[in-house]
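J.: Below is a structure I'd like to ask you about.
Please treat every number below as a calculation from the coordinates, not as lab data. As the structure is a computational prediction, the values presented were derived from the model and not from experiment. Positions of Cβ are backbone-derived with ideal geometry, glycine not excepted, and every protein chain shown enters the neighbour counts.
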Amino acid sequence: MKLRKLCYTALCSLLLGATTVACNDDETPDLNDNGSKVELPARRAFIMYEGSLGGNNAGISFYAPAKDAKFISDIYYTQNGTRMGDLANTLIEHDNYLYVVVGGSKYVACLNSAGVEQARHAFGSSEGEPRAIDAEDGYVYVTQYGGKISKLKAQTLEVVATFEGGDNLEGIVEENGKLYVANAYKVEGSGNFVYNTEILVINAATMKQEKSLTVVENPEEIYEIDDMIYVLSKGNYADVAPALQAIDPRSDKVTYVSDASKVTKGNNGLLYIVCSAYDENWQLTNHFFTLNAADKKEESFYKGDSFLQNPPQSFGSAAIYLLEVDEETGDIYVGTSDYVTNGTIYRFNAAGQLTDTFDAGGINPTTMVFID
């Protein structure tokens with residue numbers, strides 16, 4: 001059956017308590033489990049789930065990759081005694097600390113390596129929703145809808161500078177003193193979405209824009225992988241398919257890589273990619289394949305070959321919401337969602353063999369990070 005290549009992607013001002021516990025920014029920091037209510041192993045993984053709109057049910061679950069501790073469905077609640085809030089957007093690890101952006105509740109928080117909140121910055125009610133975050137050299141950078149980037153001290157989440165420009169900003173990465181930011185779309189008239197084709201390049205020191213780069217419509221996610229910038233554009237949901245593109249930060253040259261809906265880095269020089277394609281009858285099929293990050297050679301693109309040897313039958317049409325590779329072990333994690341009930345996480349070994357299946361802890365699991 002002929003496949004239509006239409007890929008889709010399914011997404012300190014305020015402190016806890018009277019004392020601020022600083023977020024470490026050392027090059028080789030130790031784990032900070034101060035205040036933890038549970039004992040966690042040295043190697044740990046955290047899974048962020050978005051929750052549902054208005055449900056106040058976003059959260060972070062804890063998983064022990066070595067199976068030396070019990071799964072905790074909401075480690076944030078366990079450690080902090082309160083729910084994380086509404087619609088979590090982004091989770092990253094930086095210097096063994098976790099930074100989470102909760103868009104619906106409009107804040108960014110720093111958590112220690114056990115998930116205990118250290119510092120928080122809340123955005124005003126009139127400000128746009130925070131979306132994505134990156135961290136480098138003692139600062140974190142948070143994008144917002146409405147065209148704003150906040151530069152915050154990593155230790156306290158105190159605002160030190162801002163950038164205003166663009167429309168609705170999504171993904172962001174820092175590379176060699178430059179911020180690469182997805183200017184995704186704008187809304188005109190009575191809800192008419194206009195998808196942009198622009199990546200903003202901003203000087204991280206001055207927070208001034210230096211240039212813009214042209215990419216496929218509706219850029220959303222941005223990654224830094226092996227000194228290259230990768231942009232995942234969602235397309236226009238009509239005649240422009242989602243696409244993965246590479247930006248060489250030395251020249252800012254943009255190169256098309258592949259159709260894609262999810263991408264992550266492996267520990268073997270490969271990019272692991274999912275492309276979810278509809279046929280002419282709008283039947284969904286998920287394709288799992290790899291690309292060589294160095295020469296962009298397709299290893300198994302649309303050929304039936306897959307980096308998963310025994311995927312569940314449901315993978316053929318499931319909404320793939322999470323794709324992560326544990327760079328230490330090569331294990332592959334795939335998360336699915338039906339947007340209503342708790343998602344499911346499938347763990348495969350480096351050879352692509354299914355080794356574990358477990359409940360994600362919440363609705364729409366989208367990000368997994370590892371700490372040790």
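J.: What ³J(HN,Hα) values, in whole Hz, does the Karplus curve 6.51 cos²θ - 1.76 cosθ + 1.60 give for region 225-233 when θ = phi - 60°, with x put for Gly and Pro?
T.: Going residue by residue, I get 10, 6, 6, 10, 9, 10, 10, 9, 9 Hz, with x marking Gly and Pro.
J.: Of the peptides 45-55, 62-72, how do they stack up when ordered by the mean number of other Cβ atoms within 10 Å, highest first? All intermediate terms of the calculation are to be shown ahead of the outcome.
T.: On the way: 45-55: 21.2, 62-72: 16.1.
Ranking the peptides 45-55, 62-72 by packing returns 45-55, 62-72.
J.: Could you list the trypsin sites (Lys or Arg not before Pro) in region 197-259 that lie in coil according to DSSP, counting only those with at most 13 other Cβ atoms within 10 Å of their Cβ?
T.: Listed in order of number, the matching sites are 250.
J.: R0 = 41 Å: FRET efficiency of residue 372 with residue 314, Cβ-based, nearest 0.05? Present the calculation step by step, with values, prior to reporting the outcome.
T.: On the way: r = 31 Å, r/R0 = 0.77.
After rounding, the FRET efficiency stands at 0.85.
J.: So which of 106/153; 148/234; 67/178; 106/234; 67/153 end up more than 28 Å apart, counting from Cα to Cα? Mind dumping the intermediate values first?
T.: Numbers: 106/153 18 Å; 148/234 21 Å; 67/178 39 Å; 106/234 24 Å; 67/153 35 Å.
Distance filter (> 28 Å) returns 67/178; 67/153.
J.: Which part of region 246-271 falls in the paramagnetic zone of residue 355, meaning amide N under 17 Å from the point 7 Å along Cα-to-beta-carbon?
T.: Counting backbone N atoms under 17 Å from the label point, the list is 266-268.
J.: Quick check on the exposure proxy: order 187, 325, 263 from fewest to most C-beta atoms within 10 angstrom. Let's see the in-between values first.
T.: Numbers: 187 12, 325 23, 263 20.
Listing 187, 325, 263 from fewest to most nearby Cβ atoms yields 187, 263, 325.
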